[in-house]
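Engineer: Take a look at this one; I'll ask things after.
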Amino acid sequence: MLRIHFTGVDLARVRMAGRPDALWETILSFHRLRDRRDARLFGEWRTETRSRLNSETRLLGALIPSRGYFPDFLTPVEGQYGWDVGLDALRGIRPERMRRELALLGAGTGVGAAFGMPATVSGGADAPVPRRLRDFMEGGTKHLPRLLGELRGYHRVAVEPYWTHIQAQIEAERAARGRALLDGGADELLASLPPMLRWRAPVLECDYPVDRDVRLRGRGLLLQPSFFCRRTAVTLHDPELPPVLVYPAAAQLASASAAGESIRPLEEQRQRTLGKLVGHTRSVVLRAIGDGATTSELARRAGVSLASASQHACVMREAGLVTTLRRGNAVLHTVTPLGAALLKGGAVAS
C-alpha cells in the first residue's frame, strides 16, 4: 500500500492536472500493450497498434519493464504542459540523474529492487542486466536521441491517433473532481477519487504493489488522471521530485465495464460522430466532396444516384456545410470552413 501524508498546507495545494500528460500516457500505454488483461477496453487498440508499429521499441522495452520500477526521468513534470515541452525536458536531463536512475533499474533488472523489494522478488543483485540497458547505462546521454526517436515513433502510432478519446476521458474526470472540490473543498475532492484511492484524513491510501510512505511536506500534490493507468496508482520514486499521483480516470473505469466500449482511433471516432450527427449517407457525401467535386463526381465517389447526390448537396448547402458554384453546364461543390471543421471533429493535438 502507498500512503501519502498530508499537512494542512498540502491540502490547500492539492490540484488537478489541466490535461492528460502525453508522456505518462505513452509510458503507461507501453505497459498496456504487453498486458493481456482488459481486452474489452484495450483489445482492439492492441491489435491496431501492433499492426502499425514498424518503429524500433527495443530500447523502450529495456527501460520500461512489464512491471516494477521505471526511471522517473521518462515522465518529467513538464509533460503536463504538452508533448513537446515534456520531450524538451527529457532531452535536457542531467547525466548524473540519468546514471542514478538507470542504476536503480539495473539493480533490480527492471522489477522491484528500487522499491526495496527482496532480492527473491526483484531478481537479485546478481541477476543479469539486459544488454540494451547495459549499453544505455554505459553510453549515458549520448543515447538520448535514440530514446527520443523511439518515444516519438511509438507515441505516433499508439497514443496520438486516440488522443481525442483520451482527452474526453480526462475532461470527464476533471469535471467530476471539480464538482467535488466546489461542493466540499480538498477534503471532498480526495474522498471522491476512484475506489483504489481511500482518503482517511490526513492520509491518502492507495493500492500499490509495495509498502511505501510519501510525505508531502507542504509541497502539495498534483493529481494526474490517466487513461492508460490501470488498477493501481503510480507515483515517482524519487521523494525529492515534485509530488504527483497518476491514477485511473473514473470515466475510463466505467467504460471498461460497458459493453462495446473501447478506445478508437481519431479518424474512426470522427466518422462515427459525423455519421450520428448528419446521417451515414450525408457523412459519406460530405467526405466525398474532398477538394471539390461536380454532382456526377460526387455521386460516383459516394456510390449514390445523381439525384440523391444533388439532394444531399442541397441540404448541406442550406446548412452552411457546402458551397456550390456553377461552371457552364456543371456545378462544383466545395466544403465550407464549417464543413471542414465538422469533418475534423475539432481535434486538438497532444
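To keep it simple, each residue is scored yes or no on (1) open to solvent by 80 Å² or more (accessible area, probe 1.4 Å); (2) of a type in the set (S, T, N, Q); (3) modelled with pLDDT of 85 or more; (4) assigned to a strand (DSSP E or B).
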residue	(1), (2), (3), (4)
Val284	no, no, yes, no
Ala299	no, no, yes, no
Ser310	no, yes, yes, no
Arg326	yes, no, no, yes
Leu342	no, no, no, no
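Engineer: Here's something else I'd like to know. Among the residues of region 1-13, count how many are crowded, with 20+ Cβ neighbours inside 10 Å and either in contact with a Gly (Cβ under 6 Å, 6 or more places away or on another chain) or within 19 Å of Leu151 (Cβ to Cβ) (or both).
Structural biologist: Adding up the residues that qualify gives 1.
Engineer: Collect the residues in region 45-88 that are within 22 Å of Asp238 (Cβ to Cβ), not polar (S, T, N, Q) and not in a helix (DSSP H, G or I), keeping them in residue-number order.
Structural biologist: Ile64, Pro65, Arg67, Gly68, Tyr69, Phe70, Pro71, Pro76
Engineer: Tally time: how many residues in region 167-216 are in a loop (DSSP other than H, G, I, E, B) and acidic (Asp, Glu)?
Structural biologist: Total meeting the criteria: 2.
Engineer: Would you point out the residue of region 89-99, among those that are surrounded by fewer than 17 Cβ atoms within 10 Å (Cβ to Cβ) and part of a loop (DSSP other than H, G, I, E, B), that is nearest to the chain's Cα centre (by Cα)?
Structural biologist: Only one residue tops the list, namely Gly92.
Engineer: Next up: Does any residue of region 17-26 turn out to be more than 25 Å from Asp88 (Cα to Cα) and open to solvent by 40 Å² or more (accessible area, probe 1.4 Å)?
Structural biologist: no
Matching residues to (1) of a type outside the set (A, V, I, L, M, F, W, C); (2) in contact with a Gly (Cβ under 9 Å, 6 or more places away or on another chain); (3) modelled with pLDDT of 90 or more; (4) surrounded by fewer than 15 Cβ atoms within 10 Å (Cβ to Cβ):
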{"residue": "Cys314", "(1), (2), (3), (4)": "no, no, no, yes"}
{"residue": "Leu321", "(1), (2), (3), (4)": "no, yes, no, no"}
{"residue": "Val331", "(1), (2), (3), (4)": "no, no, no, no"}
{"residue": "Gly345", "(1), (2), (3), (4)": "yes, no, no, no"}
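Engineer: Mind checking whether some residue in region 240-254 is outside any loop (DSSP other than H, G, I, E, B), over 19 Å from Trp24 (Cα atoms) and open to solvent by 20 Å² or more (accessible area, probe 1.4 Å)?
Structural biologist: yes
Engineer: Could you check region 158-194 and list, in sequence order, the residues that are touching a residue at least 24 places away in the same chain (Cβ under 8 Å), within 18 Å of Leu245 (Cα to Cα) and of a type in the set (Asp, Glu)?
Structural biologist: Glu173, Asp187
Engineer: Which of (1) in contact with a Pro (Cβ under 9 Å, 6 or more places away or on another chain); (2) charged (D, E, K, R); (3) under 30 Å from Met16 (Cα atoms); (4) modelled with pLDDT of 85 or more is the odd one out, the single condition Arg52 does not satisfy?
Structural biologist: That leaves (3) as the condition not met.
Engineer: Being among the hydroxyl-bearing types (Ser, Thr, Tyr), more than 20 Å from Asp38 (Cα to Cα), crowded, with 18+ Cβ neighbours inside 10 Å and modelled with pLDDT of 90 or more narrows it down to one of Thr235, Thr164, so name that one.
Structural biologist: Thr235
Engineer: If the requirement is being modelled with pLDDT of 95 or more and either surrounded by fewer than 20 Cβ atoms within 10 Å (Cβ to Cβ) or not hydroxyl-bearing (Ser, Thr, Tyr) (or both), which of these qualifies: Leu181, Leu221, Leu148?
Structural biologist: The conditions single out Leu221.
The values are calculated or read from the model by the stated rules, or taken from the named source; none is laboratory data. Since the structure is predicted, the reported quantities are computational estimates derived from the model, not experimental observations. Heads up, the Cβs are rebuilt from the backbone with ideal geometry, glycines too, and the neighbour counts pull from every protein chain shown. Ligands, DNA and RNA are stripped out before the accessible areas are found, and what is left, the full protein with its side chains, is counted by its heavy atoms. Shrake-Rupley method; radii C 1.70, N 1.55, O 1.52, S 1.80 Å.
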